[in-house]
Amino acid sequence: MGDSLYACETVFNLCRAHKWKYICRFKEGRIKSISTEFKAIKELEQSKDQNSLVWVNDIAYKDRTSI
C-alpha cells in the first residue's frame with residue numbers, strides 16, 4: 001500500500017518481480033492518463049453521499065491493467 005509517490009515504474013516492477021499485490025492512493029495531477037480515467041469512472045458511478053470513500057480497480061497504465 002502506498003501513496004501516489006510510489007506510483008512509478010521502479011515500484012511497479014519490484015511488485016511484479018515479487019508477485020506482490022498493491023494499492024496506490026491516487027493524487028490528482030500525478031499521472032494525467034489515470035486522472036482522466038478515474039474522473040470518468042467516478043462520474044459514472046457517483047453516489048449520492050459526497051463524503052464516501054471512492055476507489056476504482058484495474059485502471060490501465062502503460063502495459064499494466066492494475067495500478
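Read the figures in this text as sums done on the coordinates, not as results from a lab. Quick caveat: nothing in here was measured; it's all calculated off a predicted structure. No Cβ is skipped: glycine too gets one built from the backbone with ideal geometry, and neighbour counts run over all protein chains shown.
Taking the structure as given and computing Kirkwood radius over Cα pairs in Å, which label from (1) 13.6; (2) 12.9; (3) 11.5 fits?
(2)
Calculated FRET efficiency, LYS19 and VAL54, Cβ-Cβ r, R0 25 Å, to nearest 0.05? List each step's numbers first, then the result.
Details: r = 28 Å, r/R0 = 1.10.
The computed FRET efficiency comes out at 0.35.
Long-range amide H contacts for TYR61: which residues qualify at under 5 Å (H placed 1.01 Å from N, peptide plane, sequence gap of 5 or more or a different chain)?
Under 5 Å from the amide H of TYR61 lie the amide H atoms of SER66, each far enough along the sequence or on another chain.
Exposed loop sites here are chymotrypsin sites (Phe, Trp or Tyr not before Pro) in DSSP loop states with at most 11 other C-beta atoms within 10 Å. What is the longest stretch of the chain lacking them? Write out the running numbers ahead of the final one.
Numbers: sites that count: TRP20, TRP55.
In the chain, the maximal stretch lacking such sites is 21-54.
Helix-only mean residue ellipticity at 222 nm, the chain, DSSP H runs n ≥ 4 weighted -39,500 (n - 2.57), per residue, nearest 500. What is it? Mind dumping the intermediate values first?
Numbers: 2 runs with 22 residues, N = 67.
Using -39500 (n - 2.57) per qualifying helix, the result is -10000 deg cm²/dmol.
Please work out how many pairs of lysine residues in the chain are eight or more positions apart (or on different chains) and have Cα atoms closer than 21 angstrom.
For the chain, the number of qualifying lysine pairs is 10.
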